[in-house]
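Here is the structure we will look at, set down as structure tokens.
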Amino acid sequence: MGGFEALDWIAIAAYFGVMLAIVWWVVLQKQRTPTDYFLAGRHMPWFVVGASIFASNIGSEHIVGLAGQGSTSGMAMAHWEMHAWITIILAWVFVSFYYRSKVFTMPEFLERRFNPTSRWILSIVSLVAYVFTKVSVTVYAGGVVFNVLLPEIHIQVTENFVLDAFWVGALSTVILTGVYTVLGGLRAVVYTDTIQTAILLIGSFFITLFGLYKLGGWGELQSICRENAANFALWRPNTDKTFPWLGILIASPIVGIWYWCTDQYIVQRTLSAKNLRNARRGAIWGAFLKVWPVMIFIVPGLIGYALYQKGLMTIPTKMVNGAEVLDGDRVFAVMVSSLLPAGLRGLVVGGLLAALMSSLSSLFNSCASLFTVDIYEKINPKASERHLVTVGRLATVVVVVMGIIWIPVMQLISGGGLYQYLQNVQGYLAPPITAVFLLGLFFKRINGKGAVAGLSIGFIAGMFKLTIQALTGGNNPVITSPAFLVYIGEYNFLYATGWLMLISIIVIVGVSLLTAPPNKEQIANLTYATTTPEQKKESRESWNYVDVLGTVVVLGLVLGMYLYFSFWLN
């Protein structure tokens, strides 16, 4: 495995120098209002909005986790990475409502459509989910990368306590990210995201290129994967215990709509646009960028597996349920160290750092926005704008600390694959939120009581399933009886997501129909049925042939990838 050379360190240092220069420039802009700090003053152009959407989504858990899934389960998780078509739904269906309402957060939008209780529920659940899934997973993935790339790093803290490469990398990167997010707010996040997107794409492209060259080309990759076609195909039979095709068709869109169309983490980027046209076009640009992760993250995992099978690369293994399997989460970092020349290796490591810092910075800012606008300001409505910005910065610090504290737990529960673990958790969180937003926009009869009941029951049911799954799984399950609890714990997570969605819809619609309808003022301009002619005209004037062409290109690329990878091993 290649070690780091002077050119590698120069490339990394240059990357950090550019990032710090941008943050310093942003700090000099003096962000005094919440709009400046949380939404970058609503001045972002479409290309920055789209790049920020993409870079916020693609974190180290994607690079580490997706390459790992590619090496161990082939194209099974690619369905979640072909959600560019759902980002198009954000652009054409959701953006106009969000942007016109001038909200800071998604819970704030729920309060306007329904009631304050729905806002509180979504705020609290979102914060908990961010800290214990996204922040901790991203930091953990970054630590794994450092552990492979720089195993020689150790810091002697006390006589009996040494920080290894995992903790040095995780702690230093999360602290640096927290500093520039606290100082710069969303403006620092979106500008640095734009540069990080370019680094990320270039670095991953070269990994794929060098990997295929060493392997002997795409045909050789297909040939090796074809030998294990059942495990590397895009579509699995319904008898497959983990990724049945029907379960994927049910669960993937539910999680996708929640993540791309209703999650503060992503939608906040469109709210920072300087007008509705830039918000929509930014989402379309983000969708175009989202088309490529399959090729630049999953395919390298396939290449890593093929190189391992041919004896051209050594990849660490681990024990899972008594069997020795490839440690997929280390594949990408091993490929960086083994395949790339000096200088380019440093650039790609810069891309890994970029991905980690981009996702973390977006998370920190979104968490600060949720806490400050949706919780603190409701408790202390007389707080000044400057005071709210200060509270937002303190909230970011708390999120950083809580994310670091949770990392040791992540090391214990991510044995089945980081990315698959993440989709499990999100599959249990997403259904009630997806149901509430879709029904709220398209059916004006849905009221606040129905929304609160659906959110509450959906979340409780999802967390019940997750808890039972954790207690009945692993090498030493806590629960082995009664049989019905074991069945619930072992029930496929994809089908469980579908049932949770159905339960949430039934509860929301049922409670809404059994109680009084919302008054006209409550739903004015917040559903498709109550949009005014003036607003329809404004929305129509915000797009032209460029946006339509971009949409057609994105949908065509997604369809092309589905068609190719559906038959690539035949």
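The values are calculated or read from the model by the stated rules, or taken from the named source; none is laboratory data. Bear in mind the structure is a predicted one, so any value in this text is a computation, not a measurement. Cβ sites come from the backbone with ideal geometry, for glycine too, and all protein chains shown count toward neighbours.
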Can residue 307 be described as within 27 Å of residue 45 (Cα to Cα) and crowded, with 24+ Cβ neighbours inside 10 Å? no
Specify the residue that is farthest from residue 56 (Cα to Cα); the eligible residues are those in region 264-287 that are surrounded by fewer than 24 Cβ atoms within 10 Å (Cβ to Cβ) and basic (Lys, Arg). 277
From the list 541, 490, which one is more than 24 Å from residue 79 (Cβ to Cβ) and either acidic (Asp, Glu) or touching a Phe, Trp or Tyr at 6+ places or on another chain (Cβ under 7 Å) (or both)? 541
Does residue 523 satisfy the condition of being surrounded by 17 or more Cβ atoms within 10 Å (Cβ to Cβ), modelled with pLDDT of 95 or more and touching a helix residue (DSSP H, G or I) at 6+ places or on another chain (Cβ under 7 Å)? no
Just checking, does region 133-149 include any residue being surrounded by fewer than 22 Cβ atoms within 10 Å (Cβ to Cβ), closer than 28 Å to residue 263 by Cβ, modelled with pLDDT of 70 or more and not acidic (Asp, Glu)? yes
Where residues in region 197-256 are among the hydroxyl-bearing types (Ser, Thr, Tyr) and under 28 Å from the mean Cα position of the chain (by Cα), which of them is farthest from residue 350 (Cα to Cα)? 242
Select the helices (runs of 4 or more DSSP H) contained entirely in region 342-456, then report the ones holding at least 1 residues which are farther than 25 Å from residue 272 by Cα and at pLDDT 80 or above. 344-369, 418-442
Sort out which residues of region 87-107 are of a type in the set (S, T, N, Q) and under 22 Å from the mean Cα position of the chain (by Cα), and write them in order of number. 87, 105
Residue in region 4-57 that is farthest from residue 147 (Cα to Cα), counting only those that are polar (S, T, N, Q) and at pLDDT 60 or above: 52
Condition check: surrounded by 18 or more Cβ atoms within 10 Å (Cβ to Cβ) and either in contact (Cβ under 8 Å) with a residue 40 or more places away in the chain or not charged (D, E, K, R) (or both). Does residue 217 satisfy that? no
Report, by residue number, each residue of region 479-522 that is among the aromatic types (Phe, Trp, Tyr) and in contact with a Pro (Cβ under 9 Å, 6 or more places away or on another chain). 495, 499
The helices (runs of 4 or more DSSP H) lying entirely within region 493-562 that contain at least 3 residues which are in contact (Cβ under 8 Å) with a residue 60 or more places away in the chain and farther than 30 Å from residue 102 by Cα are 493-514
